[in-house]
Amino acid sequence: MDSATATPYATLTPDTVLNALDSIGLHSDGRLLALNSYENRVYQIGMEEGPPLVAKFYRPARWPDAAILEEHAFTLELAEREIPVVAPLVIDGHTLHPYEEFRFAVYPRRGGRAPELDDPNTLEWMGRFIGRIHAVGALKTFQHRPTLDIASFGVAPREFLLNNNWIPPDLVAAYRSVIDQALESVRHCYARAGAVASIRLHGDCHAGNVLWTDDGPHFVDFDDCRMGPAVQDLWMMLSGERADRARQLADVLAGYEDFYDFDTRELHLIEALRTLRLIHYSAWLASRWEDPAFPIAFPWFNTQIYWQDRILELREQIALMDEPPLWSNK
């Protein structure tokens, strides 16, 4: 787990934001609205000429420039193929801009609403959309961005949490036991799946990163794009009881396979990937806890009941990973 500076945005004042845009020839009318973002800082900014723009200031020390530029190149590649994603603006030949100790990118503002994932037509449309992204994502590999794997999303977060005393002393033994069992179950799921392909993914494909309009969906925030199995961008579309999730998966794949073939062996990975995300999420909160925004936004984190719930959650995941794959018939 990377460890960020305790207060990485202490000097990111409104004046700094507006001056940063001025430095690349974009002149604001002074209107500034902070948008919902914790890892980075994102602002909607009114312009003297034209519609508002969105400026994203990357968390210092998280990604090297080369990794951010790969993210930008991927979204621009998708946009060039008329896949509706929100890509950064190219200004004087650049998408990533330095200002003082910060790096930032500027995006067009795009509106929309959350997709209705209980609607079969919406799920099929989402499947077509993700299938198009994956068809492009499979054409080449990332060279500077990470891979979603057990080591980075499971083992490293486990070590970070246990070695830095985040677990209450009376729960350490129980947490250590259950997380070790969970990771062993994850390894078994990967073994059952076999050698599945790793492609360029959105990586954080939940409904909050999709904006829906009458013309359909468009994705925002490729900040977590990485290499990994295709099913990582599909399973977060599913919710409810097993029968509900099976139906939803069938709807998603009905659209997805219009553009990209799905390897059904990856169905063995759904609960394993969910488990890795849960482990990683706790470690992410812990690694950011000295950022003043996090205790305000996540007041329930690091309480006794929080860790008790995580132990129960991992036990449930162990049971789910022992079940047959969610759906195995095309």
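The values are calculated or read from the model by the stated rules, or taken from the named source; none is laboratory data. Just so it is clear, the model here is predicted, and its values are computed rather than measured. We place every Cβ from the backbone using ideal geometry, glycine too, and count neighbours over all the protein chains shown.
Find the residue count for the range 151-180, including only residues that are of a type in the set (S, T, N, Q) and under 25 Å from the mean Cα position of the chain (by Cα). Walk me through how you get there before you give the answer.
Step one: list which residues in the range 151-180 are of a type in the set (S, T, N, Q), which gives 152, 163-165, 177.
When the remaining residues are screened for being under 25 Å from the mean Cα position of the chain (by Cα), the result is 152, 164.
Looking only at that region, the number is 2.
Given 75, 147, 95, which one is polar (S, T, N, Q), under 30 Å from residue 46 (Cβ atoms) and under 17 Å from the mean Cα position of the chain (by Cα)?
75
Name the residue, out of 30, 46, that is loosely packed, with under 13 Cβ neighbours inside 10 Å, small (Gly, Ala, Ser) and outside the structural domain of residue 143 (by TED's automatic domain parsing).
Answer to the check: 30.
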Going residue by residue through the range 159-177, is there one that turns out to be of a type in the set (Lys, Arg) and free of Cβ contacts under 8 Å to residues at least 24 places away in the same chain?
yes
From 120, 98, which residue is closer than 26 Å to residue 251 by Cβ and either in contact (Cβ under 8 Å) with a residue 60 or more places away in the chain or assigned by TED's automatic domain parsing to the domain that holds residue 26 (or both)?
120
Looking at the range 279-305, which of the residues that are among the aromatic types (Phe, Trp, Tyr) and surrounded by 15 or more Cβ atoms within 10 Å (Cβ to Cβ) is farthest from residue 162 (Cα to Cα)?
294
Looking at the range 303-330, I want the residues that are at pLDDT 95 or above and have a partner that is outside any helix (DSSP H, G or I) and surrounded by 11 or more Cβ atoms within 10 Å (Cβ to Cβ) with Cβ atoms under 8 Å, at least 6 apart or on another chain. Which pairs are those?
304/168; 307/167; 307/168
Residue 83 being among the β-branched types (Val, Ile, Thr) and farther than 25 Å from residue 291 by Cβ
yes
Condition first: of a type outside the set (Phe, Trp, Tyr) and either over 20 Å from the mean Cα position of the chain (by Cα) or modelled with pLDDT of 95 or more (or both). Now tell me which residues in the range 225-237 satisfy that.
225, 226, 227, 228, 229, 230, 231, 232, 233, 234
